[in-house]
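Undergrad: Take a look at this one; I'll ask things after.
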Amino acid sequence: MVTERENFVTFWRECELEREEGLLKIIGAQSMYQDHNNYSRVRRRSRKERLFFARVKAVFCMILFAFAVVICVKVAQQIKAGTQIEAHEPDPRQAAAPQANVSKTTTTTSTTAATEPPKNESSSEEKKEEHKMEVIDGITYVDGIMIANKSYPLPESYDPGLLPETEKAFNKMAEAAAQDGIYLFISSGYRSHFTQAQIYQEYVERDGKKAADTYSSRPGYSEHQTGYTIDVNDPSDAFRGTQEAKWLAEHCSDYGFIIRYPEGKEDKTGYEYEPWHIRYLGKKLAKKVEASGLCLEEYLGIDSEYKDK
Ligand SMILES: [Zn+2]
């Protein structure tokens, strides 16, 4: 017989069991909630970290890229510089400079405007070119080319005679001229400081210093002292317009010479037009100067003026 009390106890236990189950459910839910919370926090932290690492990576990549760009630019500059050096005329004058005596050397650079060759009308805009000027044992070289003009004298002791390369090139040219029935000869080649002093003095006594300076060099300032210069046939106005003068103007660059004091460039060269006075530069450079339509002073960006003019 089940008493009412027993029924109540059974009912109470069932209730307790249900409560316990309920409690367990609540505890389970709480722990799940905490787990979820913890999980979210971990995920949030990891995102931040990933963002941070992504930023670091981006910065690193940018630095690498900038570094690569700088290297590329430098390499390009070096290649360009190398090409320019290769393209530059191998210069016959340096050979004559005594290498052992490079004791007093000063180097400067000048920037000048050089115009494009007149052949190319469309690209006649002015080009800025840098020139390297060196003074070795009192002798001035611009881009490695020995210079003697009214601004840049030679030392009194510089006495090379007519240089073999100048004489050889002239003989070759004279042979070619002879084939065309033209007779070319050296009327004046090398002139020493002493010889030039005598010549100049004679002109000064005859015409006065001002006039003499327009056609004759003061001692030390004559290009004839370089050993690269020759007066062909008749060094006077009578030579102008002759078959020989025409042939010389047309062909001298084929043998490495230029007409050194061209017509219309008197204010640049400092001398009157001298169709007989040629300067040896080597074939490549002579061709370049001729093609430029410039006189040597303009080509090298220098002037030719006595300091006490
Ligand atoms: Zn001359």
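No value in this document is a laboratory result; all are computed from the given coordinates. No experiment lies behind these values; they were computed from the predicted model shown. Virtual Cβ from ideal backbone geometry, glycine too; neighbours counted across all protein chains shown.
Undergrad: Go from 0 up to the bin containing the longest alpha carbon distance in the stretch 157-300, width 10 Å each, and give me the % of pairs per bin.
TA: 12, 42, 37, 9, 0
Undergrad: For the residues Arg218, Arg240, Arg191, what sequence is obtained by ranking on other C-beta atoms within 10 Å, fewest first? Please report the intermediate quantities before stating the final value.
TA: Details: Arg218 17, Arg240 14, Arg191 22.
Lowest count first: Arg240, Arg218, Arg191.
Undergrad: Give the dimensionless ratio obtained when the Cα radius of gyration of the stretch 234-306 is divided by 2.2 N^0.38 Å.
TA: On the way: Rg = 11.9 Å, N = 73, 2.2 N^0.38 = 11.2 Å.
Expressed relative to 2.2 N^0.38 Å, the Cα Rg reads 1.06.
Undergrad: Ok, one more. Going down the table (Lys150/Lys246; Lys209/Lys284; Lys74/Lys283; Lys168/Lys307; Lys284/Lys307; Lys168/Lys209), which pairs top 30 Å between alpha carbons? If you can, show how the numbers build up before the last one.
TA: Working: Lys150/Lys246 27 Å; Lys209/Lys284 37 Å; Lys74/Lys283 33 Å; Lys168/Lys307 36 Å; Lys284/Lys307 33 Å; Lys168/Lys209 36 Å.
Violating the 30 Å limit, Cα to Cα: Lys209/Lys284; Lys74/Lys283; Lys168/Lys307; Lys284/Lys307; Lys168/Lys209.
Undergrad: Read phi for every residue in the stretch 188-195 and hand back ³J(HN,Hα) as whole Hz from Karplus 6.51 cos²θ - 1.76 cosθ + 1.60, θ = phi - 60°, with x for Gly and Pro.
TA: Taking θ as phi minus 60°, the curve returns 8, x, 6, 10, 6, 4, 5, 4 Hz for the stretch 188-195.
Undergrad: Given H placed 1.01 Å from N in the peptide plane, which residues other than close sequence neighbours of Gly189 have an amide H under 5 Å from its amide H?
TA: Those qualifying (amide H under 5 Å, at least 5 residues apart or on another chain) are Asp231.
Undergrad: Continuing with the same structure: If we count every other residue with Cβ under 10 angstrom of Pro219's Cβ, Lys/Arg +1 and Asp/Glu -1, where does the sum land? Can you show the working numbers first?
TA: Values: positive: Arg191, Arg218; negative: Glu156.
Here the count lands on +1.
Undergrad: Further question: I'd like the Karplus ³J(HN,Hα) series for the stretch 242-259: coefficients 6.51, -1.76, 1.60, θ = phi - 60°, whole numbers in Hz, and an x wherever there's a Gly or Pro.
TA: Result, rounded to whole Hz: 6, 4, 5, 4, 5, 4, 4, 4, 6, 10, 4, 5, 5, 10, x, 10, 10, 6.
Undergrad: If you don't mind, there's one more thing I want to ask. Give the residue from Tyr183, Ala245, Pro160 lying farthest towards the positive end of the charge dipole for the stretch 157-300; charges sit on Cβ (+1 for Lys and Arg, -1 for Asp and Glu) and the dipole is referred to the Cα centre.
TA: Pro160
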